[in-house]
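One structure below.
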Amino acid sequence: MEQIDDRQIKEDDRHYVLHAWSKQKDVQPKIIKKADGIFFWDDSDKKYYDMCSQLVYLNVGHNHPKLMEEFRHIGEIPLASPGFATASKAELARKIIEVAPKNMAKVFFANGGADSNDHAVKIARMVTGRYKIFSRYRSYHGATFGAGNLSGENRRFTVEPGLPGFIKFETPYLYREKVKFENEEAAAAFYLDRLNSQILYEGPDSIAAIFMETIPGSNGVLIPPKGYMEGVRELCTKYGILMICDEVMSGFGRTGKMFAVDHFDLEPDIMTFAKGVTCGYSPLGGVIVSEEVAKYFDDHVLMTGLTYSGHTVSTQIGCATLDIYKDEDLIEHAAEMGKVLAARLEQLREFASVGDVRHIGLFAAVELVKNKQTKEPIISYGMDYGKDAVGLMKKFVGLLMEQGFYTYSHESSVMVAPPLIITEQQINEAMDLFEHALMKFEREDLFADQPLMAK
Ligand SMILES: Cc1ncc(COP(=O)(O)O)c(C=O)c1O
């Protein structure tokens, strides 16, 4: 590569690169000059706590020595098109099946989260001979045309009017639910009853799959009420519908268990994964299928594929990444650190602008409101990419950055999802920064004209 200075990098970036989900005129990217563990440094040598693991994928942290060492061995296994068996593809598939729910049998490799979801939809349609796909509002499944159709939020709108047969149902979102429930089980029963009705209205025999982020991530870490996931499993079994869990963000230890489905008493038929399988050191995603689904393709052609399915470099990095989870007890560590983070997040409820905090393992969101009593959101629904985008939430995320706390927001929720290697001390240091930013935000932006605002 050419050696060019920072000014030239930014200049070329501005001239030649299109940045996702942005008005190009607003884009002013920093350069990551160096990174290590949970930290990175920008081009003005400012240090940041990476509190969202880039886009919630860097579970093992930046610059992991084992992965850097693995890169030195790239090229030792020959590149091979998907029809060949390779050592790294075979080993990684086996390693994934060893840690997946026990009904899971085989892996189909893709490039990332969205295309894995596309392949999962096709697999479900082939296996069931049905065409409708249920997925949820307040979900994100990726930006390809298929995954875009699955997504239940405004990042879907550019693929609309979209594909026939993609039906949306509600995600339980108890903080904003108008109906008040006695307990979580009652909430689960309420949402399951509505889902059951919707299945009946749509015709169970036409529904191939119910597609869900096990725990919706970018839409605010919405943890399902007790019994809900198990209830969806029962409905799927009852109507012969395949249950597909998108573990792209929640998988590989993020929630304190290997997969988020491990928190529930259920076995999905299909799971999709990406991010944490290589922690972004090389792009990789895939679809894990149950024994039953796998068997179907013994005698039927798997009518899907891609040039880089099981790419040698990515699967090699994947093998090394899975070894790190095991050798460093990272999943158990994430569960432990999750408790430390939870304690700090719960304290945030004292702030007048914090409506809700939701957390499981090292997967958390802080939902901000303009008014705690009315729950008026800090940004109105769907306005992330609209004129409100220059408003309060952008200010708050800017304040976090100023403090050296790097993360991103979606609607009114701020993501807190640090690398799983984070220590107790680092969590406390980072959350101190979060609190400082929040105090400044309330004082100077949110309640500047109402200094006596009660909590
Ligand atoms: C739950 C979920 N599914 C799918 C995707 C899409 O993955 P990718 O960006 O690798 O295509 C994402 C991305 O954030 C995600 O969070």
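The values are calculated or read from the model by the stated rules, or taken from the named source; none is laboratory data. Just so we're clear, the structure is a prediction, and the values are computed from it rather than from any experiment. Glycine also receives a Cβ, built like all others from the backbone with ideal geometry; neighbour counts cover every protein chain displayed. The area values use the complete protein model at the heavy-atom level, side chains included, leaving out ligands, DNA and RNA. Shrake-Rupley method; radii C 1.70, N 1.55, O 1.52, S 1.80 Å.
Under 13 Å from a point placed 7 Å out from the Cα of K102 along the Cα-to-Cβ direction: which residues of region 256-279 have their backbone N that close? So the set is 266-267. Taking 31 Å as the cut-off for C-alpha to C-alpha distance, list the pairs among K132/K226; K178/K275; K47/K226; K66/K106; K106/K394; K132/K339 that go past it. Flagged as over cut-off: K178/K275; K47/K226; K106/K394; K132/K339. Shape of region 154-261 from its Cα gyration tensor (a ≥ b ≥ c, root eigenvalues): rounded if a/c is under 1.5, otherwise prolate when a/b > b/c, or oblate? Because its axes are fairly even, with a/c under 1.5, region 154-261 counts as rounded.
Expressed as a whole percent, the accessible area of the chain that falls on carbon and sulfur atoms is 54 (1.4 Å probe). Among bridges DSSP assigns within region 70-327, what percent are antiparallel (round to 5)? Close to 40 percent.
Taking a ≥ b ≥ c as the square roots of the eigenvalues of the alpha carbon gyration tensor, region 283-378 is prolate, as a/c is not under 1.5 and a/b beats b/c.
DSSP bridge analysis restricted to the chain gives an antiparallel fraction near 65%, rounded to the nearest 5. Length, then width, then depth: along the principal axes, the Cα atoms of region 1-158 run 55, 43, 29 Å. Available extension along the chain between D329 and F84 is 84.9 nm, counting 0.36 nm per residue and deducting the alpha carbon span.
Across every pair of non-identical alpha carbons in region 237-325, the mean reciprocal distance, once inverted, gives a Kirkwood radius of 14.4 Å. Global dimensions of region 303-455 from alpha-carbon coordinates: Rg and Dmax equal 18.9, 64 Å. The tail of the calculated P(r) for region 70-327, taken as Cα-Cα distances beyond 32 Å, holds 20 percent of the pairs.
Tell me, what is the per residue accessible area of the chain in Å², probe radius 1.4 Å?
Values: 20640 Å² over 455 residues.
Solvent-accessible surface per residue comes out at 45 Å².
Over the chain, the ratio between the Cα radius of gyration and 2.2 N^0.38 Å evaluates to 0.98.
Over the chain, Cα pairs under 8 Å with separation of 6+ residues give a relative contact order of 20 percent. The H on the amide N of T214, modeled in the peptide plane, is under 5 Å from the matching H of D246, each at least 5 residues off or on a different chain. Scanning the chain for long hydrophobic helices, with DSSP H runs required to stretch 20 angstrom or more by C-alpha along their axis and to average at least 0.0 on the Kyte-Doolittle scale, returns 312-327, 330-347.
Near G355, the amide H atoms lying under 5 Å from its own belong to E367, L368, V369; only residues 5 or more places off or on other chains count, and H is placed 1.01 Å from N. Put a dot 7 Å past the Cα of K122, heading toward its Cβ, do the same for V301, and the two dots end up 1.2 nm apart. Scanning residues 5 or more positions from G285 or on other chains, those with amide H under 5 Å from its amide H are A110, N111, G112, with H placed 1.01 Å from N in the peptide plane.
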